[in-house]
């Protein structure tokens, strides 16, 4: 069986980069093969060595395989309690936004609703409204500025 040593070592080293570890696996393969040879007749010693070596690599890989710890962050998965005041404030903000939106000029309001609320791209809004992309961007910019001012006045009480 010794004639297969270099061949088996090359086989294991091609799969395991650590030379010392590969040599240890070859030696362990030979020890197991010799133990089997003492207890039974082996017809193909080369095949047996390869089979033992493959099984050892698999076993060692399983033992050395470290699962990364998965952190469970309870706060990320638990339902957040929402205070009634927060719900009322959010509803009030939405009502304020919708009222302010109704006061915008038609084209400005349409561009804002299509892009921000319905999620269409600027290009799609341009095609839907039959205006240039620059015009869409101006409408969106002006709508945002006006809405912020109106909401700020409402919340600030001005």
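The values are calculated or read from the model by the stated rules, or taken from the named source; none is laboratory data. Quick caveat, the model's predicted, so the values are computed rather than measured. Heads up, the Cβs are rebuilt from the backbone with ideal geometry, glycines too, and the neighbour counts pull from every protein chain shown.
For the range 8-38, filtering for residues that are assigned to a helix (DSSP H, G or I) and farther than 17 Å from residue 55 by Cα leaves 4.
Of the helices (runs of 4 or more DSSP H) that lie entirely inside the range 78-137, those containing 3 or more residues that are under 22 Å from residue 154 (Cα atoms) and at pLDDT 80 or above span 84-102, 106-112.
Among the residues examined, residue 29 qualifies as at pLDDT 90 or above and out of contact with any strand residue (DSSP E or B) (no Cβ under 8 Å at 6 or more places or on another chain).
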